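Here the structure is laid out as structure tokens; the discussion comes afterwards.
Please treat every number below as a calculation from the coordinates, not as lab data. This is a predicted model, so every value here is computed, not measured. Note that we place each Cβ from the backbone using ideal geometry, even for glycine, and neighbour counts take in every protein chain shown.
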Amino acid sequence: MADLKQRIAKRCAKEFKDGDFVNLGIGLPTMVANYIPDDIVVTLHSENGFAGLAEAAEPGKEDVDIINSGGAYVTAADRVNYFDTATSFGLVRGGHVAATVLGAMEVAENGDLANWIVPGKKVAGMGGAMDLVVGARSASSSCCTHRKVRTKS
């Protein structure tokens, strides 16, 4: 499964253009930061209040004050900006996000997103994802690593 997640993250990173302002959702999308091509500059946004996140922090080099929206330790780019959640979602709702990469529990054939509350799970559903898919200027990417097959009863 790890190889599949890396392949998806690498593929998502290829969609970005130089100068893009991109939001990375929680889970697999956070891996995308590790595969941004070296020949472009992308500013990565995290809903918890900063723009300029970089790749995952190396074990033993974590800064307890720098975490992404999923709670994982990350590094910050030299151009990092920190702000409150209201400003963070103002950037999203104001159309400043070029693209978003988010996880999805289910994606329809036409691209419709379906997520819901899962009892007992850490993540209780969509959170800010609805704002992100509507607020991003370009089509958002959804990352899924499973396929649900429905059978007739």
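The listed residues are Val97, Val92, Val74, and the only one of them that is in a loop (DSSP other than H, G, I, E, B) and under 15 Å from the mean Cα position of the chain (by Cα) turns out to be Val97. Hey, does segment 25-37 have a residue that's surrounded by 14 or more Cβ atoms within 10 Å (Cβ to Cβ) and either without any contact (Cβ under 8 Å) to a residue 24 or more places away in the chain or over 21 Å from Gly71 (Cβ atoms) (or both)? Yes: one or more hits.
Considering only residues of segment 38-70 that are polar (S, T, N, Q) and in a strand (DSSP E or B), which is surrounded by the fewest Cβ atoms within 10 Å (Cβ to Cβ)?
Initial filter on segment 38-70 (polar (S, T, N, Q)): 43, 46, 48, 68-69.
From the residues that got through so far, the ones that are in a strand (DSSP E or B) too are 43, 46.
Numbers: Thr43: 17, Ser46: 24.
Here the residue is Thr43.
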